[in-house]
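Enquirer: Dropping the structure in here first, questions after.
The values are calculated or read from the model by the stated rules, or taken from the named source; none is laboratory data. It should be emphasised that the depicted structure is a prediction, and the values quoted were computed from it without experimental measurement. With ideal geometry, Cβ positions are generated from the backbone for all residues, glycine too; neighbour counts draw on all protein chains shown. Accessible surface areas use protein heavy atoms only, side chains included; no ligands, DNA or RNA. Shrake-Rupley method; radii C 1.70, N 1.55, O 1.52, S 1.80 Å.
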Amino acid sequence: MSEQLENLNRLPLREDLRGLSPYGAPQLDVPILLNVNENTHGLPRHVREAIVTEVQAAVAGLNRYPDREFTQLRENLANYLGHGLTAENIWAGNGSNEVLQQIMQAFGGPGRKAMSFPPTYSMYPLLASGTGTAYVTGTREADFTMDPQSVAEQVRAQAPTIIILCTPNNPTGTALGLDAIEAAYDAGAASNAVVVVDEAYAEFSHTETPSALQLLPGRERLIVSRTMSKAFALAGARIGYLAAAPQIADALRLVRLPYHLSAITQATANAALTHADALLSNVEDIKAQRDRIVRELTIMGLAPAPSDANFVLFGGMENPRAVWEGLLEAGVLVRDIGIEGHLRVTAGTEAETTAFLTRLQELLAA
Ligand code: PMP
């Protein structure tokens with residue numbers, strides 16, 4: 001047993017947390033970071049200046065607690081999303097991870113089940129275990145899509161109180177049809193399940209891919225979760241949010257910590273949202289790089305999964321570990337997400353994408 005584990009085991013840790021590993025995407029000092037699906041384009045200068053101005057104003061009031069209801073932010077987020085949503089429909093947290101955790105706290109817990117469909121976002125089981133919620137998994141089709149009838153049958157068999165559907169799905173990039181979401185929602189009625197559609201990467205979707213936001217009217221158990229970490233290039237600011245019926249936000253008010261969104265966070269998000277168009281201007285470029293990666297990898301004889309996100313999962317390598325290491329030697333960090341024979345790469349700037357593709361080609365030829 002490692003010394004670290006021995007030290008941990010002496011503590012009165014909850015039995016259900018013993019032996020678990022924390023979230024651990026490597027944070028290495030490498031020039032080209034294409035491993036955690038960040039927006040590598042950075043913030044335009046005038047948006048950075050607008051954020052600094054708004055944060056400076058907030059600093060003057062830091063002796064007071066912030067607006068607990070983050071009213072201005074909820075209004076700005078509702079306006080950004082459209083679909084007839086208002087501030088009442090919006091809830092936010094320090095990253096969508098926190099929003100998902102609050103959902104687990106409010107609708108999961110001991111004796112309850114959260115269900116998702118791997119391969120999917122690695123935080124779902126960790127959020128479940130942290131909140132004492134059982135985590136059960138369903139299966140996808142071989143191409144990572146989800147068949148509505150199969151989803152409905154699996155949901156009925158498990159009777160969870162939380163169903164999480166990630167679309168576009170991390171780590172595969174797969175977009176779900178609205179029919180699969182509706183099927184999960186309808187089948188979840190039997191166990192009164194909330195259905196969380198995690199749309200962290202929605203802004204990178206192909207134009208014909210619909211958002212689950214359009215399913216919200218009349219579905220009070222449906223939650224669409226979003227983040228400013230990806231398309232908005234604000235991963236460091238920690239701002240995630242959801243859209244749902246107002247009673248969902250009321251449920252989350254029961255579990256959130258008082259004043260959980262700092263005045264600095266609210267100021268940052270509000271300033272960014274007034275410049276949404278400028279912030280989102282790099283999305284088209286990232287989508288073009290994503291499509292370029294899929295095209296080029298196919299030409300190289302690899303097997304990239306079709307992607308609606310800002311990353312591509314690819315297989316077809318004889319030795320993925322050697323490829324991962326070879327890329328790292330050239331200063332390019334990609335992600336081994338634990339799917340045998342596969343790696344995942346984030347679509348970066350054109351130059352970063354070129355560096356990745358060039359090095360990969362060399363490694364495959366060697
Ligand atoms: N959902 C998915 C599918 C993600 O990939 C991520 C980040 N990797 C998140 C949620 C959480 O992002 P954040 O907490 O930065 O909003």
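Enquirer: Let me make sure I get this right: for the range 163-318, a, b and c are the square roots of the gyration tensor eigenvalues over alpha carbons, sorted descending. Under 1.5 in a/c it's rounded, otherwise prolate if a/b > b/c, else oblate. Which is it?
Expert: Here the range 163-318 falls in the oblate category.
Enquirer: Then there is this: Would you mind getting the accessible area per residue of the range 125-228, heavy atoms of the protein chains only, 1.4 Å probe, in Å²?
Expert: 35 Å²
Enquirer: Express in Å², to the nearest 10, the accessible area of residue 21 obtained by rolling a 1.4 Å probe over the protein heavy atoms while all chains stay in place.
Expert: The accessible area comes out at roughly 80 Å².
Enquirer: If R0 is 45 Å, what FRET efficiency do you get for residue 57 and residue 159 from their C-beta distance, rounded to 0.05?
Expert: 0.35
Enquirer: How large is ³J(HN,Hα), in whole Hz, for each residue of the range 280-293 in order, when computed from phi with the Karplus curve 6.51 cos²θ - 1.76 cosθ + 1.60 and θ = phi - 60°, using x for Gly and Pro?
Expert: Per residue, the Karplus-derived 3J(HN,Hα) values read 7, 5, 7, 4, 5, 5, 5, 4, 5, 5, 4, 5, 5, 4 Hz.
Enquirer: Non-local amide H neighbours of residue 197 (under 5 Å, H modeled in plane, Pro and chain starts lacking H): which ones?
Expert: Hits under the 5 Å cutoff: 165, 223, 224, 225.
Enquirer: Just how many % of Cα pairs in the range 231-289 lie over 20 Å apart, if you round to the nearest whole percent?
Expert: Beyond 20 Å sits 43 percent of the P(r) for the range 231-289.
Enquirer: Roughly how far apart, in whole Å, are the Cα centres of the range 35-68 and the range 169-193?
Expert: 34 Å
Enquirer: Peptides 111-119, 140-148: what's the order by average Cβ count within 10 Å, highest mean first?
Expert: The packing order, highest mean first, is 111-119, 140-148.
Enquirer: While we're on this one: Can you grab the distance from the C-alpha centre of the range 252-301 to the C-alpha centre of the range 326-340, Å, no decimals?
Expert: 23 Å
Enquirer: Quick one: 3J(HN,Hα) in Hz for the range 329-341, Karplus 6.51/-1.76/1.60 with θ = phi - 60°, rounded, Gly and Pro as x.
Expert: Calculated HN-Hα couplings, in order: 4, 8, x, 10, 9, 10, 10, 9, 9, x, 9, 3, x Hz.
Enquirer: Hey, with R₀ at 56 Å, roughly what FRET efficiency would residue 288 and residue 13 work out to, going by the Cβ-Cβ distance, to 0.05?
Expert: On the way: r = 47 Å, r/R0 = 0.84.
The calculated FRET efficiency here is 0.75.
Enquirer: Next question. Quick one: if you stick a label point 7 Å off each Cα along the C-beta vector at residue 255 and residue 354, how many nm between them?
Expert: 4.7 nm
Enquirer: If you don't mind, another one. Residue 121's amide H: which non-local residues (gap 5+, or another chain) put their own amide H closer than 5 Å, with H modeled 1.01 Å from N in plane and none for Pro or chain starts?
Expert: 170
Enquirer: Ok, one more. Could you sort 321, 74 by accessible area so the largest value comes first, with the probe set to 1.4 Å? Don't jump to the answer; show the numbers that get you there.
Expert: On the way: 321 115, 74 20 Å².
The ranking, largest first, comes out as 321, 74.
Enquirer: Continuing with the same structure: Could you list log10 I(q)/I(0) for the chain at q = 0.07, 0.12, 0.14 Å⁻¹, which the Debye formula gives when each Cα is one point scatterer?
Expert: -0.32, -0.96, -1.28
Enquirer: Give me the percent of the accessible area of the chain that comes from carbon and sulfur atoms, probe 1.4 Å, all protein chains in place.
Expert: Exposed carbon and sulfur together represent 51 percent of the surface.
Enquirer: Residue 190 to residue 300: FRET efficiency via 1/(1 + (r/R0)^6), r the Cβ-Cβ distance, R0 51 Å, to the nearest 0.05?
Expert: Step by step, r from the Cβ atoms, then E = 0.65.
Enquirer: Once phi is turned into ³J(HN,Hα) by the Karplus curve 6.51 cos²θ - 1.76 cosθ + 1.60 with θ = phi - 60°, what whole-Hz value does each residue of the range 192-198 show in order, with x for glycine and proline?
Expert: 6, 7, 7, 10, 9, 9, 7
Enquirer: Quickly work out the residue 277-to-residue 27 label distance, labels modelled 7 Å from Cα along the C-beta direction, and quote it in nm with one decimal.
Expert: 3.6 nm
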